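Written out below as structure tokens is the structure these notes cover.
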Amino acid sequence: MIDEAASLTDSTAVRLRRCRHGIMMYPLRDPHVGPSLDRYGEYSEAEARLIEQLVEPGGTAVEVGSHVGALTVPLAKRVGSRGRVVALKPQRILFHMLCGNLALNQLAQVDARQAAAGRRNGTMRVRPGDYLRGASANMMPLSARDSGETVPLVTIDSLELPVCHFIKINADGMESDVVAGAEDTIYRDRPFLYVENERPN
């Protein structure tokens with residue numbers, strides 16, 4: 001647990017503070033990541049340590065569902081300036097915070113994109129949730145009748161990475177689509193796959 005609990009801002013919606021892996025901004029009312037960073041100065045530290053064991057300095061990684069970068073920042077520090085991380089986050093406000101956290105921690109090795117990943121290239125509508133008031137970053141597609149923002153939908157294969165050592169996927173129910181869109185990359189490079197599976201189906 002990090003002792004430096006003082007916030008660097010007075011905002012009631014967004015906090016900026018020094019955490020275990022660097023300076024982080026995050027939504028206070030986020031269901032999981034924000035409260036953890038706020039209370040402990042870290043988020044899912046056991047995952048961060050496991051990822052560190054799976055990724056070598058100088059490696060190339062893809063992170064689908066980067067949120068505000070709570071795990072992106074330690075991942076980027078692990079690969080170092082000779083490595084590369086492609087970080088995807090479709091929801092605009094969380095993507096903005098992700099980019100802010102990368103800038104605050106001087107992590108130029110991260111290529112952050114406001115995009116979703118799936119089994120094909122195209123576009124996708126994502127929920128416009130108010131993440132500053134506690135909405136979760138659900139990734140399930142919206143129908144044409146639902147309000148939302150249209151964002152690029154990309155396959156990991158279309159990123160055309162020269163090599164890929166590690167793929168982390170947190171796509172809220174779209175994990176199988178993301179894996180399908182990475183088939184060629186997985187076949188070619190045999191990267192470690194770190195895939196969230198929180199739904200029984």
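Against the list (1) within 18 Å of Ala116 (Cβ to Cβ); (2) more than 18 Å from the chain's Cα centre (by Cα), the condition Asp177 fails is (2). When segment 37-65 is limited to residues that are closer than 18 Å to Asp189 by Cα and among the small types (Gly, Ala, Ser), the one that is surrounded by the most Cβ atoms within 10 Å (Cβ to Cβ) turns out to be Ala61. In summary, Val178 fulfils each of the numbered conditions (1) under 22 Å from His96 (Cβ atoms); (2) surrounded by 16 or more Cβ atoms within 10 Å (Cβ to Cβ); (3) modelled with pLDDT of 95 or more with the single exception of condition (1). Could you please let me know if Arg78 is surrounded by fewer than 19 Cβ atoms within 10 Å (Cβ to Cβ) and either assigned to a loop (DSSP other than H, G, I, E, B) or touching a residue at least 12 places away in the same chain (Cβ under 8 Å) (or both)? Judged against the criteria, Arg78 is not a match. Which ones in segment 154-178 are under 20 Å from Leu71 (Cα atoms) and either part of a loop (DSSP other than H, G, I, E, B) or among the aliphatic types (A, V, I, L, M) (or both)? Across segment 154-178, the qualifying residues are Ile156, Cys164, His165, Ile167, Ile169, Asn170, Ala171, Asp172, Gly173, Met174, Val178. If you take the residues in segment 145-173 that are more than 17 Å from Asp189 (Cα to Cα) and among the small types (Gly, Ala, Ser), which one is modelled with the lowest pLDDT? Among residues in segment 145-173 that are more than 17 Å from Asp189 (Cα to Cα) and among the small types (Gly, Ala, Ser), the one modelled with the lowest pLDDT is Ser147. Selection of first residues in segment 30-44 that are among the polar types (S, T, N, Q) and of second residues that are surrounded by 24 or more Cβ atoms within 10 Å (Cβ to Cβ), restricted to Cβ pairs under 6 Å at least 6 apart or on distinct chains, gives the following pairs, ordered by first then second residue: Ser36/Tyr43.
Residues checked against (1) on the phi < 0 side of the Ramachandran plot; (2) part of a helix (DSSP H, G or I); (3) more than 14 Å from the chain's Cα centre (by Cα):
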{"site": "Arg18", "(1), (2), (3)": "yes, no, yes"}
{"site": "Gly34", "(1), (2), (3)": "yes, yes, no"}
{"site": "Asp38", "(1), (2), (3)": "yes, yes, yes"}
{"site": "Glu47", "(1), (2), (3)": "yes, yes, no"}
{"site": "Ile51", "(1), (2), (3)": "yes, yes, no"}
{"site": "Gly58", "(1), (2), (3)": "no, no, yes"}
{"site": "Arg82", "(1), (2), (3)": "yes, no, yes"}
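Does Ile23 satisfy being within 12 Å of Val73 (Cα to Cα), of a type outside the set (Phe, Trp, Tyr) and surrounded by fewer than 19 Cβ atoms within 10 Å (Cβ to Cβ)? Yes. When segment 108-125 is filtered for residues that are in a strand (DSSP E or B), out of contact with any helix residue (DSSP H, G or I) (no Cβ under 6 Å at 6 or more places or on another chain) and buried (at least 18 other Cβ atoms within 10 Å of the Cβ), the ones remaining, listed by number, are Arg113, Ala116, Met124, Arg125.
The values are calculated or read from the model by the stated rules, or taken from the named source; none is laboratory data. All values derive from a computational prediction rather than experimental measurement. Don't worry about glycine lacking a Cβ; one is built from the backbone with ideal geometry, like all the others, and counts go over all protein chains shown.
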